[in-house]
């Protein structure tokens, strides 16, 4: 959304989309609004036309998440251990456009032989959050349909 402010008797309009910022000054607020609306539309269309970044594989997503997001968490060291273990798995190096739900389902089934369902669900939450952050905050674009696998069923005690 554009911001318009009065400055030195003129109206300054500023538009920011992602990392691109443009501004201009006008004698009337109406001119500033019209310019801002046009610039926003142009910037949005150029962002859509140029496309956004697509990571090569899940390892790239997890590595950036480990560097940027994990240090802000209270359980930082535990999360690093989990992510490093995931990075040793073959499915993290599969090209992201070929990564399917069957890869993660196989990982889930193998992992459930060594950990309890609640542990797997907690660890799988890291993958889901990494994908969510990469799409919502970093503007990375990829199909995350592989996240639709069933979570492990936790039996009540």
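Taking residue 59 as meeting all but one of (1) in a loop (DSSP other than H, G, I, E, B); (2) more than 30 Å from residue 21 (Cβ to Cβ), write down the number of the exception.
The one condition residue 59 does not meet is (1).
Determine whether residue 153 is more than 21 Å from the chain's Cα centre (by Cα) and either outside the structural domain of residue 15 (by TED's automatic domain parsing) or under 30 Å from residue 15 (Cβ atoms) (or both).
Yes; evaluated as a whole, the condition is true for this residue.
Does the range 127-147 contain any residue that is in contact with a strand residue (DSSP E or B) (Cβ under 9 Å, 6 or more places away or on another chain) and either surrounded by 15 or more Cβ atoms within 10 Å (Cβ to Cβ) or within 17 Å of residue 52 (Cα to Cα) (or both)?
So the first thing to find is which residues in the range 127-147 are in contact with a strand residue (DSSP E or B) (Cβ under 9 Å, 6 or more places away or on another chain), and the list is none.
Among the residues of the range 127-147, not one is in contact with a strand residue (DSSP E or B) (Cβ under 9 Å, 6 or more places away or on another chain) and either surrounded by 15 or more Cβ atoms within 10 Å (Cβ to Cβ) or within 17 Å of residue 52 (Cα to Cα) (or both), which makes the answer no.
Collect the residues in the range 2-35 that are at positive phi and either part of a strand (DSSP E or B) or under 31 Å from the mean Cα position of the chain (by Cα) (or both), keeping them in residue-number order.
18 - this is the single residue of the range 2-35 that is at positive phi and either part of a strand (DSSP E or B) or under 31 Å from the mean Cα position of the chain (by Cα) (or both).
Any idea which of 91, 140 is assigned to a loop (DSSP other than H, G, I, E, B) and not assigned by TED's automatic domain parsing to the domain that holds residue 21?
When all the criteria are applied, what remains is 140.
So if I check each of 117, 101, which one is closer than 18 Å to residue 155 by Cα, surrounded by 13 or more Cβ atoms within 10 Å (Cβ to Cβ), out of contact with any strand residue (DSSP E or B) (no Cβ under 9 Å at 6 or more places or on another chain) and in the same structural domain as residue 144 (by TED's automatic domain parsing)? Even if it seems obvious, please write down each step before you answer.
Numbers: 101 fails: closer than 18 Å to residue 155 by Cα.
When all the criteria are applied, what remains is 117.
Can you pull out the residues in the range 69-91 that are more than 22 Å from residue 110 (Cβ to Cβ) and either in contact (Cβ under 8 Å) with a residue 12 or more places away in the chain or in contact with a helix residue (DSSP H, G or I) (Cβ under 7 Å, 6 or more places away or on another chain) (or both)? Talk me through it step by step, then tell me what you get.
Start the filter on the range 69-91 by keeping residues that are more than 22 Å from residue 110 (Cβ to Cβ), which leaves 69-77.
Residues satisfying the conditions are 69, 70, 73, 76.
The values are calculated or read from the model by the stated rules, or taken from the named source; none is laboratory data. From a predicted model like this one, the values you see are computed outputs, not experimental measurements. Glycine also receives a Cβ, built like all others from the backbone with ideal geometry; neighbour counts cover every protein chain displayed.
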